[in-house]
Amino acid sequence: MMKRNILLLISLSIILLRSFASGSVDTQIPVGKDVKGNIYVLIVGNENYKHEESVPFALNDAEVFALYCEKTLGVPEKNIKCLKDVTLNDINHELDWLVSVIGAYNGEAEAIFYYSGHGMPDEDSKEAYLLPIDGYSTSPSSGLSTKLLYKRLGEMPSKRTLVFLDACFSGAKRDGSMLSSSRGVAIKAKSAPIKGNMVVFSAAQGYETAYPYKDCQHGMFTYYILEELNKTGGFVTMGELSDYVIKQVRQTSILENGKNQTPSIMTEINGDEWRKWKLSDAPAKKYETRIASKTREVPLAKAVAGGTINYVMPTYTIEGAGTGIQGTYLVKISMSAKKPGDVSDQDLLRCAVHGVLFRGFSSSEYRQRQRPMAGSALSEQQYADFYNTFFQQSYQQYGQTLSSSRSVIKTGKEYQISAVVSVMKDQLRKDLTQQGVIKSLNSGF
């Protein structure tokens, strides 16, 4: 009986952890100062198909990816075309636009192409296709050949071209079953040749399925791209991004689906030069609160009842830093700044309390990831009036930065400042529970 109860508690803990997994990725968007006027982006999200079943969360994938391109990577809004539920003619028309505008820059412009939706194989030639909303999975001519897509993108005189495909080409849907008009047998599509200064990052390979991450309302591949951009403020190389996404998708797919999903990189660029490509020259320094799209399954109207957040948190990372005294967490906070003196101990403490409340953290000291105490960033929006005051001064009584642990490392033109912070988690939970802004452990939260 005791063993059964323990297993039940573990299962409930996992469910609660998952239910708050995606809040900050969709609602707290890193905002940078740099503007990249020479980057052009074409995004396609196909969710609602006429002749095939829908692709869960593809529209949300496209919408949020577009926001990160604009807000985090600094691409002007006018340089971004975000297409939703479009036909083959629509895609080709905007692809013509991308090819034309890149050609006008004579090698000085960069291109990003992103797709979330159905992919399909030609069952005879084994070539891979992107499926528009009016396409048939049994009719290759109704889709966009990746061979043609890569040819057109690869022939552009771009400084560099990045392609992200949250689709699989085995004939499977996001739930792992087969497309309704396919033969019901997974097919290993051939990889189309990659030319030019281009890198293609795909969600899956071979016979695999590109699964959704249901709790996070995204394709799993897209979710982890967004998560890494969120954590780094966009200041990440393609090598770092791909390493992170491949690792997380492989692990999460096994845990969530019991099936393999292995993102892959394709390029003809020799060596590791592509791995050094930076998506942004500097990390975003603040976050912009966003109310999630109405296309999401979870309505967020109640989450903004308490006002608007008027404080700005810098870009930071949080991770466990060992076991503190009873009633505390030890967490390591890392931030970037132009000068070491720009980051004070109070700045680090503020981020630590914020991270414990709304982000959670991982640590080798704990078997499971420590979930956000307040649930997610949605709670931050819901009680914005309270937290506007709390993060002015009140947070200071709930911990201290261990100055002796402070580390300063120069990275390029900036400094990486890190320190261990002790957060009084029990007192923080008690006080905020009394204030009514978080739920007690006894309430089933």
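Residue 23 passes every criterion in (1) at pLDDT 95 or above; (2) crowded, with 20+ Cβ neighbours inside 10 Å; (3) of a type outside the set (Val, Ile, Thr); (4) in contact with a Leu (Cβ under 7 Å, 6 or more places away or on another chain) apart from (1).
For region 407-422, a tally of residues being in contact (Cβ under 8 Å) with a residue 24 or more places away in the chain and charged (D, E, K, R) returns 2. Can you spot a residue in region 217-226 that is free of Cβ contacts under 8 Å to residues at least 24 places away in the same chain and over 30 Å from residue 414 (Cα atoms)? Scanning region 217-226, I find no residue that is free of Cβ contacts under 8 Å to residues at least 24 places away in the same chain and over 30 Å from residue 414 (Cα atoms), so the answer is no. The sole residue among 349, 378 that is modelled with pLDDT under 90 and either among the β-branched types (Val, Ile, Thr) or outside any strand (DSSP E or B) (or both) is 378.
Assess whether residue 416 counts as being polar (S, T, N, Q) and not in a strand (DSSP E or B). Considered against the rule, which asks whether it is polar (S, T, N, Q) and not in a strand (DSSP E or B), residue 416 comes out as no. Considering region 42-74 alone, what residues qualify as being surrounded by fewer than 24 Cβ atoms within 10 Å (Cβ to Cβ), more than 15 Å from the chain's Cα centre (by Cα) and either closer than 23 Å to residue 146 by Cα or not small (Gly, Ala, Ser) (or both)? Once the filter is applied, which keeps residues that are surrounded by fewer than 24 Cβ atoms within 10 Å (Cβ to Cβ), more than 15 Å from the chain's Cα centre (by Cα) and either closer than 23 Å to residue 146 by Cα or not small (Gly, Ala, Ser) (or both), region 42-74 yields 42, 43, 47, 48, 49, 50, 51, 52, 53, 54, 56. Scanning region 300-322 turns up at least one residue that is crowded, with 21+ Cβ neighbours inside 10 Å, in a helix (DSSP H, G or I) and at pLDDT below 80. For region 85-98, the tally of residues that are touching a Leu at 6+ places or on another chain (Cβ under 8 Å), of a type outside the set (Phe, Trp, Tyr) and surrounded by fewer than 19 Cβ atoms within 10 Å (Cβ to Cβ) stands at 4.
Out of 93, 51, one residue alone is under 22 Å from residue 157 (Cα atoms) and either outside the structural domain of residue 238 (by TED's automatic domain parsing) or not in a strand (DSSP E or B) (or both). It is 93. For region 110-153, the tally of residues that are over 28 Å from the mean Cα position of the chain (by Cα), assigned to a loop (DSSP other than H, G, I, E, B) and among the small types (Gly, Ala, Ser) stands at 4.
The selection criterion, being assigned by TED's automatic domain parsing to the domain that holds residue 321 and either at pLDDT 85 or above or surrounded by 24 or more Cβ atoms within 10 Å (Cβ to Cβ) (or both), does not hold for residue 369. Applying a threshold of 8 Å to beta carbon distances and a minimum spacing of six or more residues, or different chains, the list of pairs starting in region 299-316 at a residue that is on the phi > 0 side of the Ramachandran plot and ending at one that is at pLDDT 50 or above reads 307/384; 307/385; 307/388.
For (1) in the same structural domain as residue 96 (by TED's automatic domain parsing); (2) closer than 28 Å to residue 213 by Cα; (3) surrounded by fewer than 20 Cβ atoms within 10 Å (Cβ to Cβ); (4) touching a residue at least 60 places away in the same chain (Cβ under 8 Å), each residue gets a yes or a no:
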{"site": "128", "(1), (2), (3), (4)": "yes, yes, no, yes"}
{"site": "134", "(1), (2), (3), (4)": "yes, yes, yes, yes"}
{"site": "138", "(1), (2), (3), (4)": "yes, yes, yes, no"}
{"site": "148", "(1), (2), (3), (4)": "yes, no, yes, no"}
{"site": "153", "(1), (2), (3), (4)": "yes, no, no, no"}
{"site": "159", "(1), (2), (3), (4)": "yes, no, yes, yes"}
{"site": "163", "(1), (2), (3), (4)": "yes, yes, no, no"}
{"site": "166", "(1), (2), (3), (4)": "yes, yes, no, yes"}
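Would you mind stating whether residue 72 is modelled with pLDDT of 95 or more, over 20 Å from residue 204 (Cβ atoms) and hydroxyl-bearing (Ser, Thr, Tyr)? Criteria met by residue 72.
The values are calculated or read from the model by the stated rules, or taken from the named source; none is laboratory data. Please read these numbers as outputs of a predicted model, since none were measured by experiment. A quick note on method: Cβ atoms are made from the backbone with ideal geometry, for glycine too, and the neighbour counts reach across all protein chains shown.
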